[in-house]
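No lab work stands behind these numbers, since they all come straight from the coordinates. Quantities reported herein were computed from a predicted structural model and do not represent experimental measurements. All Cβ positions, even for glycine, are placed from backbone atoms using ideal geometry, and neighbour counts span all protein chains on display.
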Amino acid sequence: MLTPRHQALLATLAGMTVGVAVFGTVLAINSATGQDSAQTVVTSPTSTPTPIASDGLQPDALQFVAETFGTEREPITAEVPAGWKSSQTGTRPRYVDPTGVWQIRFDARGSKQTPDALLEARQGSIDEPDYKVISTDNTTLVYTYTDQERGPRMGLSRWIAAGDSDRSALEITVGGRPQDQAGLRAVLERATETLQLSGESDDRPS
């Protein structure tokens, strides 16, 4: 016959056995459900937008590539900044940088008018807010104005004569912001220096 002391000892041992069993069961469940495993956090890299230099388009940051446009019979070649793309070909391509801030446009339809006459006509035809002529040297019209959506803008338009004649063969226009003037002039000069005309076109109305 068990004494009260023996009965108390057996009860204590039984409680310890049940506790160990329950603890083992909890461990087994946690292991099966993966609660002890460390969670892995996966982050997706965010794309960095193309910055637009607030101090303007820098000439020394430009690289150039040759582009061909015009017609099959009279192709024209000139260098434009690398990365600037045109959505159209033919005689009136327009190459735009990825940000949409800067552009260079060619008009190779030609004209019977002289470059000086076309410059004068363009100078008097621009109807934009805050329009101001900066200079008209070397058959190049330099002007500024304010665009309602993009703010202050600057344009440089140059007319090039056809060979030894007085007729105009080509117009080159670059556009950007007033703080881009140095870079825009570099783009215009590079296009002019590398321009290769294979013939003289005369498709533009006089």
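Quick one: grab the alpha carbon gyration tensor of segment 64-197, order the square roots of its eigenvalues as a ≥ b ≥ c, and give me rounded if a/c is under 1.5, else prolate or oblate depending on whether a/b is larger than b/c. Walk me through the intermediate numbers first.
Working: a/c = 1.83, a/b = 1.16, b/c = 1.57.
Oblate.
What order, most packed first, do the peptides 178-184, 57-63 have when packing is the mean number of other Cβ atoms within 10 Å of each residue?
Numbers: 178-184: 18.3, 57-63: 13.1.
Final packing ranking: 178-184, 57-63.
I'd like to compare 167-175, 121-129, 133-141: which one has the highest average count of other Cβ atoms within 10 Å, and what's the full order after that?
Working: 167-175: 22.7, 121-129: 11.2, 133-141: 14.2.
In decreasing order of mean packing, 167-175, 121-129, 133-141 become 167-175, 133-141, 121-129.
Determine ³J(HN,Hα), in whole Hz, for all residues of segment 180-191 in sequence, where each value follows from phi through the Karplus function 6.51 cos²θ - 1.76 cosθ + 1.60 and θ = phi - 60°; x replaces Gly and Pro.
Computed from phi, the couplings for segment 180-191 are 8, 3, 4, x, 5, 5, 5, 5, 5, 5, 5, 5 Hz.
Starting from the Cα of residue 148, step 7 Å along the direction of its Cβ; do the same at residue 136; then give the gap between the two resulting points in nm.
Calculated label separation equals 2.9 nm.
I'd like the Karplus ³J(HN,Hα) series for segment 60-68: coefficients 6.51, -1.76, 1.60, θ = phi - 60°, whole numbers in Hz, and an x wherever there's a Gly or Pro.
Working through the residues one at a time gives 6, 8, 8, 10, 10, 9, 7, 10, 10 Hz.
Using the 10 angstrom Cβ neighbour count as an exposure proxy, how do 69, 64 rank, fewest first?
On the way: 69 19, 64 16.
Ordered from fewest to most neighbouring Cβ atoms within 10 Å, 69, 64 come out as 64, 69.
Based on the Cβ-Cβ distance of residue 71 and residue 117, what FRET efficiency does E = 1/(1 + (r/R0)^6) give at R0 = 22 Å, to the nearest 0.05?
Details: r = 25 Å, r/R0 = 1.12.
E(calc), rounded to 0.05, equals 0.35.
How large is ³J(HN,Hα) for each residue in segment 112-123, as worked out from phi by the Karplus curve 6.51 cos²θ - 1.76 cosθ + 1.60 (θ = phi - 60°), to whole Hz, x for Gly and Pro?
6, 7, 6, x, 5, 5, 5, 4, 4, 5, 5, 4
What FRET efficiency, computed as 1/(1 + (r/R0)^6) with R0 = 45 Å and r the Cβ-Cβ distance, is obtained for residue 166 and residue 60, rounded to the nearest 0.05? Provide the component values of the computation, followed by the final result.
Details: r = 37 Å, r/R0 = 0.81.
Efficiency for this residue pair is about 0.80.
May I ask you to sort 143, 131 by Cβ crowding, counting other Cβ atoms within 10 Å and putting the fewest first? Please report the intermediate quantities before stating the final value.
Working: 143 19, 131 13.
Ascending Cβ contact count within 10 Å gives the list 131, 143.
Only four residue types carry charge here, +1 at the Cβ of Lys and Arg and -1 at the Cβ of Asp and Glu. Report the dipole size of segment 64-197 about the Cα centre in Debye, rounded to the nearest 20.
Once rounded to the nearest 20, the dipole reads 220 debye.
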